[in-house]
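Here's the structure we're looking at; comments come further down.
The values are calculated or read from the model by the stated rules, or taken from the named source; none is laboratory data. Note that the structure is predicted; figures quoted are calculated from it, not measured. Quick reminder, even Gly has a Cβ in these numbers, built from the backbone with ideal geometry, and neighbours come from all protein chains shown.
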Amino acid sequence: QVQLVESGGGLVQPGGSLRLSCVVSGSIFSINVMKWYRQAPGKERESVARINSGGMTNYADSVKGRFTISTDNAKNTVYLQMNSLKPEDTAVYYCNAVLSTISRSGYFTDYWGQGTQVTVSS
């Protein structure tokens with residue numbers, strides 16, 4: 001049973017910083033891609049950052065230069081460092097992983113976390 005648990009959200013002033021964490025647990029064989037999504041009320045979910053097993057990263061244009069995605073492979077954890085936060089960054093942030101389990105190595109499946117609230121307000 002694979003689980004993703006996000007943490008680190010909260011209330012921050014514009015221009016401030018937060019670091020989100022997502023811990024992946026379970027009988028994991030390989031993680032191919034880890035991603036961060038966000039969804040604001042009344043808006044569709046959007047991808048904000050991703051990192052693959054080779055360390056290649058991609059970011060949405062709206063967060064480039066402000067957000068950084070990274071991993072700690074020994075801990076099966078992905079981070080999202082968010083700097084220079086803006087009110088429009090307010091959303092629930094979700095962690096996503098594309099991975100294979102030990103019992104089904106070579107077969108990759110998407111898994112989602114429960115989300116963590118980020119509120120940017122003065």
**Asked** Of the residues that sit in the range 1-47 and are among the hydroxyl-bearing types (Ser, Thr, Tyr) and part of a strand (DSSP E or B), which one is farthest from residue 86 (Cα to Cα)?
**Response** 30
**Request:** Output the residues belonging to the range 48-65 that are touching a strand residue (DSSP E or B) at 6+ places or on another chain (Cβ under 7 Å) and either exposed (fewer than 15 other Cβ atoms within 10 Å of the Cβ) or assigned to a loop (DSSP other than H, G, I, E, B) (or both).
**Result:** 53, 57, 58, 60, 63
**Complete:** Of the conditions (1) in contact with a Cys (Cβ under 8 Å, 6 or more places away or on another chain); (2) surrounded by fewer than 17 Cβ atoms within 10 Å (Cβ to Cβ), the single one that residue 15 does not satisfy is (1)
**Prompt:** Taking the range 28-80 as the region of interest, how many residues are hydrophobic (A, V, I, L, M, F, W, C), modelled with pLDDT under 95 and out of contact with any Ser or Thr (no Cβ under 8 Å at 6 or more places or on another chain)?
**Reply:** 1
